[in-house]
Amino acid sequence: SVDLEDDKTINILCTWQQSFKIITKDQNQRKIEDIYLTISKNDTIYFENVTLKNNDTIFKINYNINHDYTLKALYKGFIFYDRQLPRFNKDIEINLELYNLEINVKDGLGFSPGVDVRPILTSPEMDKPIELYPDELETGNFIFENLPQARYKLSISYGKFYNEIFLDVPKDGVNNYIDFNANFGFQAKIFDDRGNRIINDHPRDGVMKA
């Protein structure tokens with residue numbers, strides 16, 4: 001409401017609802033899902049959504065042509081689109097090259113580990129660091145799908161064991177290995193056929209350490 005006690009001049013700026021369509025594609029022209037989109041003005045978010053696999057993203061905002069609106073796209077920790085909304089083009093196409101990475105986990109003998117070990121991927125280049133987890137193809141063989149080009153840190157851990165390597169995607173190829181050379185201490189007691197402990201021919205101290 002406006003209280004008028006004398007003559008005043010008031011400028012009223014009208015806006016209208018404007019529709020935009022965001023089209024996301026990889027290098028093979030496939031739509032990209034799980035991209036987090038935001039539209040903001042002066043650091044205030046007016047719209048947010050996540051892209052779907054089979055549909056383009058359409059959004060409507062009360063649009064003032066005299067103001068600047070920023071579209072940001074975040075995918076797997078990377079902000080790869082951060083631009084002002086075009087004033088006249090209502091279809092916005094975002095293109096991103098994505099790559100798969102297969103990881104084989106091998107122990108010191110070249111076999112898949114006999115324990116549940118799942119590698120984790122992250123990147124020092126991420127704008128909002130997160131941990132990425134793979135799908136398991138078979139025991140010891142994992143795949144990270146649809147990774148943006150970047151330098152990544154691949155790590156595995158089990159108990160006190162930890163190992164990490166750095167990989168450049170896609171420069172280092174699709175298939176890579178990481179070693180799981182965990183050493184586990186154990187004790188075994190050996191008995192003869194009479195039930196006496198034996199070690200080095202000394203039945204009293206029947207404990208063997210390995």
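Quick notes
- Candidates TYR99, TYR133: the one that is exposed (fewer than 13 other Cβ atoms within 10 Å of the Cβ) and within 17 Å of the chain's Cα centre (by Cα) is TYR133.
- Within the stretch 70-96, being within 15 Å of THR57 (Cβ to Cβ) and open to solvent by less than 40 Å² (accessible area, probe 1.4 Å) holds for LEU71, ALA73, LEU74, TYR75, TYR81, LEU85, ILE92, ILE94, LEU96.
- Long-range neighbours under 8 Å by Cβ, at least six apart or interchain, first residue under 21 Å from ASP34 (Cβ atoms) within the stretch 57-72, second among the charged types (D, E, K, R) and open to solvent by less than 50 Å² (accessible area, probe 1.4 Å): THR70/LYS41
- Looking only at residues of the stretch 48-91 that are more than 15 Å from ASP127 (Cβ to Cβ) and of a type in the set (Phe, Trp, Tyr), we find that the one that is modelled with the highest pLDDT is TYR69.
- Among residues of the stretch 80-136, those that are in contact with a strand residue (DSSP E or B) (Cβ under 9 Å, 6 or more places away or on another chain) and small (Gly, Ala, Ser), counted: 3
The values are calculated or read from the model by the stated rules, or taken from the named source; none is laboratory data. What you are looking at is a predicted structure, and each value in this text was computed from that prediction instead of being measured. A quick note on method: Cβ atoms are made from the backbone with ideal geometry, for glycine too, and the neighbour counts reach across all protein chains shown. The area values use the complete protein model at the heavy-atom level, side chains included, leaving out ligands, DNA and RNA. Shrake-Rupley method; radii C 1.70, N 1.55, O 1.52, S 1.80 Å.
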